[in-house]
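Derivation of every value follows stated rules applied to the coordinates shown; laboratory data play no part. Model, not experiment: these values are computed from the prediction. Here Cβ is always computed from backbone atoms with ideal geometry, including for glycine, and neighbour counts include all displayed protein chains.
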Amino acid sequence: MADFLTFLFKGISVGSLYALIALGYTMVYGILQFINFAHSDVFALGAFFSWRFAVAYHLMHPTPIQAAGLLLLSMAACALTGLLIEWLAYRPLRQAPRLNVLITAIGVSLFLENAGQLVWGKSVVQFPTMTEHSIVLGGVHIRLVEVVAVGAAFALMLGLQWLVYRTKIGRGMRAVSVDHNIAGLMGVPVDQIISLTFVIGSALAGAGGLLVGLTYGQIKQPADASWIIYGLKAFVAAVIGGIGNLPGAMLGGLLLGIAEQFVAGYVSTTFRDAIAFALLIVILLVRPSGILGKNVVEKV
Amino acid sequence: MTPRPSVSTPRAIGASLLPLLLGLCAAMILELSIPQGSYVEKILFDIGVNVILAVSLNIVNGLTGQFSIGHAGFMALGAYGSIVVTYYGGYAIFGDVLKHTTLSGYSLYFVSLIAGGLVAAAAGWVVGLPSLRLRGDYLAIVTLGFGEIIRVVLQATPPVLYPSEMAAVPGWERVLHLGGALGFSHGQSYNSLGWTYAAVVVMLLVAYRLRESTHGRAFLSVRENEIAAEAIGVNTTRYKVAAFVIAAFFAGIAGGLFAHQLGAGTASRPEEFNFMKSFEAVIMVVLGGMGSITGATVAAIALTLLTEILRSVQDYRLVAYSLLLIVVMILRPKGLFGTREIWDFFRKKDQP
Amino acid sequence: MRNLFLSALVATFACAGCKHGPKAPSNVIVVGEYGSLTGSEATFGQSTHNGLSMAVAEINGAGGIKGKKVQLVNYDDQGKTSEVGTAVTRLIAEDNALAVIGEVASSLSIAGGQICQQQGVPMISPSSTNPKVTETGDYIFRVCFIDPFQGYVMARFATNPKDKGGLGLKRVAILVDQRQAYSQGLAQYFAEALKKLGGQVVATESYQGGDQDFSAQLTRIRDVKPEAIYLPGYYTDVANIAKQARGLGLTAPLLGGDGWESVQEIGGAAVQGAYFSNHYSADEKRPEVQHFVDRYTKQFGKSPDSMAALGYDAMMLLKNAIERAHEGPLPAWRTSVRDALAQTKDFQGVTGKISMDKDRNATKPAVVLEIVDKHTVTAATIPPQ
């Protein structure tokens, strides 16, 4: 039983981070219908930005308030990065076929990884630690920092829900995701909304970077496989949930996180990723548009 | 299906047989004129393999408009499939695992290439099936997942058997010893430029003849408008799966060549065929222009040379590469050639 | 626009066609190096390169080898076999390298080694520990010990009774990085040695390099209550695994291999009291070690890991062999260097006294280090088998 609860808690802990990153993929996809492969690198940059800020302000052991400050700084830095990427790389391609934007995204991704590596070096970096404490609840060892990270991730996700479904900006985003041209005719500033989508998605990635760093206490160089894998899994989570759908991304993230833990815990650690991807394929065959996605009939 | 328009025999010879013979001659000339083990040979080899990869992926992504990002998975299957034939098959035939520079040795290599292609084609059929239900990025994720599954499974295989260990393992079980993360560690370098470019010539001819045929038009119709294609009687399902199978077969051949290159010691290695390899192929297709065979070819050549030229800038290599990629995409949003072929550029401006 | 574009394209190809590598002037000795400087394996490639280039700077500062300066030509291979082929071919055919220094990853050393062997160029792998590397042929050497020995060292240290300087353990769990051939190989040899010495592998779990969360694996390991956990991975993952193991209440001692070097700096409290086998100890008082560690730390702002030390040793060993070889025109000179390398005996390197055995592997003792604070203390020295 303790094992079961451990897997469940760890699944939620890992899954909520997947979900946070998945939101960035799904938001961009909802509006521009392309996979923003550079998102996982913005996420990596978020971790490195917050590490730089922590070093600069001597916050290697931040209090919760200071950590919140780091979170805001990292989100702001990533938001700016996202904005620049959108302006410089994606906006010139607004009329181009989607696959070309995708290739550009891969280009941006390679650039961020390797430029980041030139700036911050090629080895693992020790991240600030908030607390090393862990509590034991019903036989489950829970590290306090993970609870904090899960809490922060959920708070951010709820904030995004509010933004998208309760504000005027959110209404604009939803309108643009339905149809650019008509939204434009209705007076929605389409270009600004698209930029804003990148800003928000990147800010969430920045927050994710900080939370991952805090949870694991170290971050690897920007081109390390760990970031790409995180990004890939988050993207898979977005697809499982139904890409373009915000609650779907969160659900997909949590599902993937928990499924991974249970497969590794009860079935096989060697074939965990193979089984996870096989499950994904099965889910997609049963529900071709993801769990919460709508099956849009193609118009002639 | 509309019946295939009858083609007079002389025209068929002119269109297929003559270029094939000329191409094979050219491959032989390369084989004989470029010194083995030279730098030029290695680069020409890389170019050849990348051209096959790009042109074959172009059949799925460019011609049929399906979105596959798991092409490296097929290449992996081809590589492992063929090296199993030359290593374990070679042991069964010759009693050792050395390179046999005899007719039978090279026949074995030829058989291994075809076997690798067939293994990959079978997988292509399996992966093509979901495309009946899935479209666009969902299909992309399935192909990507497929590639990753192959990688994870290959990593978990036990080390390659030494000849001295063969006796302890029954025949069919041997082929499961694929070397794990280290890769297939005792491969022999059967390949040479003649083999590579013979395969390139066949690939280019098949791609070109396929596109110009009735079937090719059907592929294009699936890309342009699936519902309209269905309405005029094109069996879209069949064509989508067929595109996957053909592309996978040639990716498998490319894998076989790759597995037997100089330094074949560990060329077939799970990590070699990760999704970045798939992306490289997608980049070549898009950069060349969707559906353009010469475009994919030129892009494959250009990117291979580019990575080589950039080797001298060391740490800045991938930074420079990625910046160039972004700039080219922004300046040529439809790829180098769009959907046209290289010779369209030299015609009078009667084309759109 | 179109014509401009086409001509640019043609110009690019023409330029690529006429490109020739720099031909070496005769008063320098060209040493080739291939390694991952970009991409996700760059951590280890960079360390090796740092060690190598420091050695070259020292050699040239002291007047070079037989009055000739050493020129280190290095090419990035992004950690890919296909790139290794091109890089090594270019080093040999275009840059006329006298010898080549190989990769960290064993699979890449094998790929490059096959080409060096075929072209008759001596190659030294600094840190590829898989036995298959030097099986490629008689031109391939290494300055590190091999995995079967390293696995044996830790198995012996773990099973030796306490009064004989060991840990007196029997039940060990193993956590392998499936993505690294190094990790898979070491795990296999450790398990074999452990069984021979009367120990027992109670669980073998695995992860994929790049994973951040290891809780499922560690929970499974916790359930079988091992007396120790063997982690044959790289320090970049080990620190993380150790923290999570402690967080899950796993208190069994952690054991590891030479990929651990530097773990004490990022592992913190979680790796205290852990043991790993290594080529040398950075805290040793030997003058070679002190000199190397001081200079490296000053130049690169961090202490050297084992890849850096082995890279340094590979270059120094090569220098030693070139000094003993007969200089001449290239193919003969390469063979002579090969012969000199094969005869290496008791070469004093940073990582210990190196002698080449008949399989061109370095025979040298291994040390077992214990992590105490941010330092390592030698817990045992195990002589070559």
Item to complete: Once you've got the GNM for chain A with C-alpha springs shorter than 10 Å, pick whichever of A:THR104, A:THR270, A:THR197 has the biggest mean-square fluctuation.
Response: A:THR270
Discussion item. I want to verify a result. In a Gaussian network model of chain B, Cα cutoff 10 Å, which of these has the top mean-square fluctuation: B:GLY78, B:GLY255, B:GLY183?
Written reply: B:GLY183
Worksheet item: For the protein assembly as shown, what mean projected area does the convex hull of the alpha carbons give, in nm²?
Response: 41.8 nm²
Item to complete: Please build a GNM for chain C, connecting alpha carbons under 10 Å apart, and tell me which residue among C:ASP95, C:ASP373, C:ASP223 fluctuates the most.
Response: C:ASP223
Fill in: Part-to-part distance (alpha-carbon centres) for region C:336-352 and region A:130-190, which is given in Å
61 Å
Worksheet entry | Cα convex hull volume per residue for region B:80-122 (Å³) | 52 Å³
Fill in: Amide H contacts under 5 Å for C:PHE141, placed H, 5+ residues apart
C:MET123, C:ILE124, C:SER125
Fill in: Quarter of the Cα convex hull surface for region A:49-151, i.e. its orientation-mean projected area (nm²)
9.4 nm²
Worksheet item: Tell me, what ³J(HN,Hα) does each residue in region B:332-338 have, in order and in whole Hz, if you take phi through Karplus 6.51 cos²θ - 1.76 cosθ + 1.60 with θ = phi - 60° and put x for Gly and Pro?
Response: 10, x, 9, x, 4, 10, x
Practice prompt. Take the eigenvalues of the Cα gyration tensor for region A:181-300, scale each by 5, and report the square roots as semi-axes in whole Å, largest first.
Written response: 30, 23, 10
Response to the item:
Semi-axes in Å, largest first, for chain C (Cα gyration tensor, √(5λ)) are 38, 25, 18
Worksheet, complete the sentence: So the angle from the long Cα axis of helix B:136-155 to the longest Cα principal axis of chain B, reported in degrees to the nearest 10, equals 10 degrees
Fill in: Under 25 Å, Cα to Cα: Lys pairs in region C:147-278, sequence gap 8 or more or different chains
14
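So if we plug the beta-carbon distance of B:SER213 and B:ILE29 into 1/(1 + (r/R0)^6) with R0 = 30 Å, what FRET efficiency do we get, rounded to 0.05? Display every interim value, and only then the final one.
Details: r = 29 Å, r/R0 = 0.98.
E(calc), rounded to 0.05, equals 0.55.
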Worksheet item: Using Cα atoms only, what is the angle between the long axis of helix B:293-309 and the major principal axis of chain B, expressed in degrees (0 to 90) to the nearest 10?
Response: 50 degrees
Worksheet item: Which lysines have a Cα lying under 20 Å from the Cα of C:LYS132, excluding residues fewer than 8 positions away in the same chain?
Response: B:LYS99, C:LYS80, C:LYS358, C:LYS364
Worksheet item: If you find the alpha carbon centre of region A:266-288 and of region B:90-167, how far apart are they in angstrom?
Response: 22 Å
Item to complete: Provide the descending list of Cα extents for region B:9-275 along its principal axes, expressed in whole angstroms.
Response: 62, 43, 31
Worksheet item: By the scheme Lys and Arg +1, Asp and Glu -1, what is the net charge of all other residues having a beta-carbon under 11 Å from that of B:GLY288?
Response: +2
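Evaluated at 25 °C with a viscosity of 0.890 mPa s, what Stokes-Einstein diffusion coefficient in µm²/s does region C:147-278 have when Rh comes from the Kirkwood expression over alpha-carbon pairs?
After rounding, the answer is 172 µm²/s.
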Discussion item. What is the angle, in °, between the Cα long axis of helix C:306-324 and the longest principal axis of the Cα atoms in chain C? Nearest 10 is fine, range 0 to 90.
Written reply: 50 degrees
Discussion item. Report the per residue volume, in Å³, of the convex hull enclosing the C-alpha atoms of region A:2-286.
Written reply: 135 Å³
